[in-house]
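The values are calculated or read from the model by the stated rules, or taken from the named source; none is laboratory data. Quick caveat, the model's predicted, so the values are computed rather than measured. Counting neighbours? That spans all protein chains shown, and the Cβs are built from the backbone with ideal geometry, glycine included. In case anyone asks, the SASA skips ligands and DNA or RNA and just uses the protein heavy atoms, side chains included. Shrake-Rupley method; radii C 1.70, N 1.55, O 1.52, S 1.80 Å.
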Amino acid sequence: MDLPTDDGAPALPPPEAVDPGVLGALLSRHGWRRRGGAPGRYGRWTPPGPSAGGTSLLVPESRDFPDSVDLLAEALTALARSSAPTAREVLLGLAVPSDEIRWWRDVPGPADGAGASWAEQERLRAAARSMLLAGALATREQAGYHGARHRHAAEAVLDGVLIGPAGAAAPAGRALTVFVPVERGRDGTTTLLRALYAARDAVDFRRATGDMAAFDTAVRAGVSRELTEALVALVRGTEGARVEIAWSPAAGPPHGFTAHPGPVEFSPGDLPALRQAGARYATDEPSVPVRVTGAVVRLRRAAPGGPGTVRLRVLAGADVATVRIVLDEADYRVAGHAHLAGLPVRVSGRLESRGGFRRLTGASGVTPVQVDEAERDRLVKALRENQDLFREACPDDPDAGPGGAVPGRGPARAGGD
């Protein structure tokens, strides 16, 4: 899944709903300059850089005057028509109260000053998305390695994120701004900021002492393998990179945070420590005992008898979408019959960190589980739509299901798989 984008102009908020103070704060944040105006009534703002083109906004300082709504309406219309990239960022900040996260990469460019390549743009967006995902994962659980756990819920948080345009002074591929709605994503934003500071401190400690112990402590602040990999992707191929967070003026800073957090910077010299930390997290994260209920969606074994491999779509018991299990002959047949009957199974084991918590080891006690009629009908329908999953095991009978049974024909012949 890619980062959500919003290539069109954001919808203009109604002027009566716009706080003049918030509009002024957003204009100042994005480089607009106040150039006079009637003191105590309104200010005149012009866009940054040479792209002003005579454009200016009259923004009231409060709603205490009869013409304040009219001035706000004219200012919003002028922003919507402005060619300045920052105008759209201001409108995005007004439309949905959002915290802004900005990434900068110091990428060596060609001598003629041309912009960054398409590949650089893709690398920056991929690194930014991975970092946002790491923050969202850390809000669900503090872990050195998340793997597939909580990934669906974390990715859902990213659905509301909007990407801002690159400014003229920062070509695409070297700078990126995203807007994270306060209502849905602030927990992930605050967790990400804590984790970035903790990662910076841990890298400094590692470089100064050679000791990795600070990375173990940093897990409690949200640092994980996912975050270190995102930082490596952000910094690799650059002369340095930094991340900065600006709180929504409408919502204000969250409790316990300063109004203007400083940027967090990383350099190529930090890469060995970040890579070592990521490998350490993946190795040290323990397996998790679970009791999983899931629908059998794939069965496979090399011979008609003996153990086989089963894939379950997890319904309950673990925060992953699917797990892969190696079962002995008896449990494999139970899983096959449960699949044909449209029933999920329950199984106990340990969710292994190797492979991203997608594998259940030491499985035992495979038992079919009764479900309501609606869920059973849905599972049976899925079986009929996906019978091709089992044809590899029975190439001579295209209608054969798992365990040699053919749906609607009863059990398999003796000796069948």
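Number of residues in the range 198-213 that are crowded, with 20+ Cβ neighbours inside 10 Å and of a type in the set (A, V, I, L, M, F, W, C): the value is 4.
Within the range 342-368, the residues that satisfy the criterion of being open to solvent by less than 20 Å² (accessible area, probe 1.4 Å), at pLDDT below 90 and over 13 Å from Thr322 (Cα atoms) are Gly342, Ser353. Between Arg220, Arg298, Arg242, Arg291, the distinction of being assigned to a strand (DSSP E or B), touching a residue at least 12 places away in the same chain (Cβ under 8 Å) and exposed (fewer than 14 other Cβ atoms within 10 Å of the Cβ) belongs to Arg291 only. Scanning the range 315-334 for residues that are surrounded by fewer than 20 Cβ atoms within 10 Å (Cβ to Cβ) and in a strand (DSSP E or B) turns up Leu315, Ala316, Thr322, Arg324, Val326.
Filter the range 223-239 for residues that are among the aliphatic types (A, V, I, L, M), open to solvent by less than 20 Å² (accessible area, probe 1.4 Å) and outside any loop (DSSP other than H, G, I, E, B) and give the result. Of everything in the range 223-239, those that are among the aliphatic types (A, V, I, L, M), open to solvent by less than 20 Å² (accessible area, probe 1.4 Å) and outside any loop (DSSP other than H, G, I, E, B) turn out to be Leu227, Ala230, Leu231, Val232, Leu234, Val235.
All conditions in (1) modelled with pLDDT of 90 or more; (2) farther than 28 Å from Glu120 by Cβ; (3) surrounded by fewer than 22 Cβ atoms within 10 Å (Cβ to Cβ) hold for Arg184, with the sole exception of (1).
If only residues of the range 58-74 that are assigned to a helix (DSSP H, G or I) and of a type in the set (A, V, I, L, M, F, W, C) are counted, the one that is most open to solvent (accessible area, probe 1.4 Å) is Val69.
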